[in-house]
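Accompanying notes for the structure given below.
The values are calculated or read from the model by the stated rules, or taken from the named source; none is laboratory data. Everything numeric in this text was worked out from a predicted model, so none of it was measured. For accessibility, only protein heavy atoms count, side chains too; no ligands or nucleic acids. Shrake-Rupley method; radii C 1.70, N 1.55, O 1.52, S 1.80 Å.
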Amino acid sequence: MYPQDFKSLCNDILKEGRQRLVMSMGIVSHIHDERYKIVAISSLTGVFVAGEDFPLKDTHCRDVYEQQKTIALTQIDDIPGLQLHPLYDSLALEAYISSPIIVDNNVWGTVNFSCMQVREKPFSDSDIEFVENSASSIANELISFSKPIIINC
């Protein structure tokens, strides 16, 4: 369904992001009709695999999708970790950062990184910039292969 160049780009971004942000999981998702589908994943956990899909309401990316902005969480209500998050019981994430992938002014999906261990410090401005730039790179790649090629004779 997706060209190899797109898959390679996603995998490279996820690998670099996991290392840079010191996170155990990175995901590129596609969101459509209130469904969240994993397009690419880099994970040390083995919890999810590419191709799985879930109701959007059951994912941490729901807020990123609805607000159309980057969300970076390392604590809630001044308590380290995310144990107060409504989805904590279903997936015990302790740190999470995600940016929307915007195509034609709509959220196509997200690029997100998460970890099941508490992150001792908040995400930096450069961490947020990295994730936002990653989302833009993925969006640009999606746009480039979805446009028809016009050949003038």
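Computed quantities for the displayed model
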| read-out | value |
| --- | --- |
| Single unsatisfied condition, LEU56 versus (1) open to solvent by less than 20 Å² (accessible area, probe 1.4 Å); (2) under 20 Å from VAL131 (Cα atoms); (3) hydrophobic (A, V, I, L, M, F, W, C) | (2) |
| Boolean, GLU129 is of a type outside the set (S, T, N, Q), modelled with pLDDT of 85 or more and open to solvent by 70 Å² or more (accessible area, probe 1.4 Å) | yes |
